[in-house]
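Derivation of every value follows stated rules applied to the coordinates shown; laboratory data play no part. Predicted model, so just to flag it, every value in this text is computed and none were measured. With ideal geometry, Cβ positions are generated from the backbone for all residues, glycine too; neighbour counts draw on all protein chains shown.
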Amino acid sequence: MPKLLISLAILYLLVLVKSHSKPKILENNYAISIYDMSKLIDYEHYLLNILQKFANALQKRVDTLEYYLEMTDYDREKNLAEDPIKHFRITRRLHSDYVNWVWFMEEQPWGTLVKDIIAIAPEMPTLKDVEEAIRGLRLIQWTYSLPTAEMAKGVLQDIHHNTSLDGMQCITIARHMVNYKDFIRAKEWLMVGLKMYEADEEIEYIYSQLGMPLVDFYELFVEIQDELGSRYLAMSELQLAIKNWPEKVSLQRALSRLKMNIRIGKEPAEKKNKSKRVYKKCCSSECRPTAKLYCLYKTTSSYFLRLAPLKMELLSLDPYMVLFHDVVSDKDIVSIRNLTKGKLARTVTVSKDGNYTEDPDRTTKGTWLVENNALIQRLSQLTQDMTNFDIHDADPFQVLNYGIGGFYGIHFDFLEDAELDNFSDRIATAVFYLSDVPQGGATIFPKLGLSVFPKKGSALLWYNLDHKGDGDNRTAHSACPTVVGSRWVMTKWINEREQIFRRPCLTSI
């Protein structure tokens with residue numbers, strides 16, 4: 001079947017689906033967890049199988065029509081029916097066949113297929129998912145300084161992945177870049193998408209049916225050029241668009257806005273310069289302090305460690321920070337992940353007024369491991385051996401999975417003064433890495449110029465409080481955007497209250 005015919009078949013089926021009543025859409029927050037996004041692969045395969053069945057059914061009907069046209073000698077039957085045989089053939093067809101063809105054309109044998117698609121509609125991604133996915137791509141591009149054209153081809157940090165974006169997807173990204181006031185990158189994405197659009201003559205009709213006609217490209221281009229200050233170029237393109245689509249009212253409105261901006265001399269959008277050189281550098285490559293630190297075996301926390309010492313890499317003495325290697329087995333990691341099945345939910349943060357709210361700087365799903373089974377007891381003992389702290393009254397383990405460009409903005413783990421009224425402060429944090437991350441996903445401490453990339457089975461420990469028991473601002477840290485891979489971590493916050501005899505506060509040192 002020709003490519004265009006398949007595309008039109010898919011479009012027709014989608015129109016049929018759209019014409020039915022819309023079911024309630026659930027908020028699944030797919031974009032903030034790679035683990036949950038795996039469900040979308042199954043849904044897409046399910047949908048594509050339905051569309052293929054529809055295309056096959058449509059092709060069968062096309063084949064039937066074409067075969068009938070061949071039977072009728074369509075080209076030769078245009079001559080006047082002078083002989084009785086030809087006269088009978090035409091008369092019989094007009095009397096009998098075409099009534100049946102009307103029924104054939106009115107019949108819609110794909111009604112069941114439409115219902116099958118509607119059945120999974122509540123599980124489909126929402127506009128919020130699309131926006132969060134694009135925000136993740138934007139963070140990846142900004143953090144790792146990736147060229148737009150290369151990203152569209154599936155090249156991330158000089159590694160070519162077996163994927164790419166089409167023109168429609170590039171334009172969608174450009175639209176959302178405008179919403180973020182990132183007009184320079186919006187222009188880059190728009191031009192890449194437009195180049196793809198123009199390269200395929202057959203695609204224009206399909207794009208129009210999917211809600212993205214060529215005129216929308218012009219409107220977006222004019223808006224971007226207007227914001228960047230290139231208003232006479234915008235005027236030239238807009239006048240061309242009006243000539244081609246004179247009935248488009250939105251173009252006339254855009255023309256009025258553009259003339260007003262030229263007349264009043266509206267200032268171009270300010271170019272935001274957020275260098276954050278240390279952040280970008282340490283997210284892109286491993287950063288370590290220049291001090292001569294070392295590795296050792298930890299054997300002193302318990303008698304058991306004398307038989308099975310922990311491999312420890314000292315990263316910083318002040319504030320204290322160490323990286324333990326090979327402390328969680330693959331078997332335990334599988335068991336930990338199994339405990340999270342069906343429990344992952346969008347993580348929230350506590351606002352200053354004490355309410356739990358979604359944080360745009362935290363794109364992840366997580367769950368607390370409140371079980372008290374043998375695995376949790378073993379992990380708790382491991383944490384106590386690693387830290388030499390009493391963790392009997394510590395918070396439960398929290399398992400997190402990050403999504404597209406998943407990251408956690410720069411923050412502290414110690415609590416604000418207002419929060420300390422109800423909680424004990426967090427003297428230390430232990431982060432267990434439950435997966436390797438091929439690209440991105442480092443834990444970074446910008447003020448220390450230090451970053452740690454996830455290595456499956458390792459654990460990072462640092463102190464959040466100084467010797468006086470005050471929050472140490474140097475421990476501000478962030479999870480860099482994940483470029484490729486699924487970032488799984490397990491966090492343990494250790495409370496200060498139980499450590500009075502293990503690490504007493506000092507007024508001076």
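Multiplying the sequence separation of Thr72 and Lys456 by 0.36 nm and subtracting their Cα-Cα distance, what value in nm do you get? Don't skip to the answer; put the middle values down first.
Details: separation 384, 0.36 × 384 = 138.24 nm, distance 6.96 nm.
Separation in residues times 0.36 nm, less the Cα-Cα distance, equals 131.3 nm.
To the nearest 0.05, how large is the calculated FRET efficiency for Lys39 and Glu371 if R₀ is 22 Å and r is the Cβ-Cβ distance? Could you put the intermediate results ahead of the total?
Working: r = 24 Å, r/R0 = 1.10.
Once rounded, the FRET efficiency stands at 0.35.
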Run the quick spin-label model on Tyr180 and Arg378: label points 7 Å from Cα toward the beta carbon, then report their separation in nm to one decimal.
4.2 nm
Cα-based convex hull, the range 36-190, per residue volume (Å³, whole number)
192 Å³
Listed highest first by mean packing, meaning other Cβ atoms within 10 Å per residue, what order do 256-263, 481-488 come in?
481-488, 256-263
Over the chain, what relative contact order in percent results from Cα pairs under 8 Å that are six or more residues apart?
14 percent
Each label sits 7 Å from Cα toward the beta-carbon; between Val249 and Ala476 the label points are separated, in nm, by 5.0 nm
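For Lys53 and Asp158, compute 0.36 nm times the residue count separating them, minus their Cα-Cα distance, and round to one decimal in nm.
Working: separation 105, 0.36 × 105 = 37.80 nm, distance 3.88 nm.
Separation in residues times 0.36 nm, less the Cα-Cα distance, equals 33.9 nm.
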Protection-proxy order for peptides 38-49, 110-121, each taking the mean of Cβ atoms within 10 Å per residue, highest first
110-121, 38-49
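How large is the Kirkwood hydrodynamic radius of the chain, counting all unique pairs of alpha carbons, in Å?
Across the chain, the inverse of the average 1/r is 27.7 Å.
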Please enumerate, by chain and number, the aspartates and glutamates with C-alpha under 17 Å from the C-alpha of Lys280, excluding those fewer than 8 residues away in the same chain.
Asp158, Asp361
Sequence gap of 8 or more, or different chains, plus Cα separation below 14 Å: how many lysine pairs satisfy both in the range 285-499?
5
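Using Cβ contacts closer than 10 Å as the measure, can you line up Lys365, Lys153 from fewest to most? Working shown, then result.
Values: Lys365 23, Lys153 15.
Neighbour counts put them in this order, fewest first: Lys153, Lys365.
For a Förster distance of 56 Å, can you work out the FRET efficiency between the beta-carbons of Thr290 and Asp63, rounded to the nearest 0.05?
Working: r = 73 Å, r/R0 = 1.31.
It comes out at approximately 0.15.
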Paramagnetic reach from Leu240 in the range 182-198 [backbone N under 14 Å; point 7 Å along Cα→Cβ]:
191, 194-195, 198
Using 7 Å Cα-to-Cβ label points, what is the Leu314/Thr357 separation (nm, one decimal)?
4.3 nm
